[in-house]
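Worksheet for the structure shown next.
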């Protein structure tokens with residue numbers, strides 16, 4: 001009787017474990033087999049592998065980058081994006097003067 005009383009304490013735990021195990025087994029039973037999935041997707045897997053091999057080959061045979069630091073490359077890009085405010089203001093004034101003269 002002691003064992004039965006202790007089991008009744010954990011009846012919800014036992015039921016939930018049985019439900020979880022049976023649902024996992026049911027999902028595994030109705031799911032397709034691993035080899036079937038591989039057979040279906042083999043062209044995609046092969047093409048992906050070939051692409052990765054091509055990337056590795058091109059990485060090996062490409063020349064090393066120039067000896068510029070990453071900082072300088074970033075500064076050039078920032079200078080281009082930010083522009084020069086003094087030069088920009090002068091260019092805007094020239095355009096305004098030209099448009100005023102043409103009227």
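Which of (1) at pLDDT 80 or above; (2) under 32 Å from the mean Cα position of the chain (by Cα); (3) exposed (fewer than 10 other Cβ atoms within 10 Å of the Cβ) does residue 64 not meet, given it meets every other one?
Unmet condition: (1).
Conditions: (1) at pLDDT 85 or above; (2) assigned to a helix (DSSP H, G or I). Residue 32 meets all but one. Number of the miss?
The failed condition is (2).
The values are calculated or read from the model by the stated rules, or taken from the named source; none is laboratory data. Everything numeric here is computed off the predicted structure, so don't read it as measured data. Here Cβ is always computed from backbone atoms with ideal geometry, including for glycine, and neighbour counts include all displayed protein chains.
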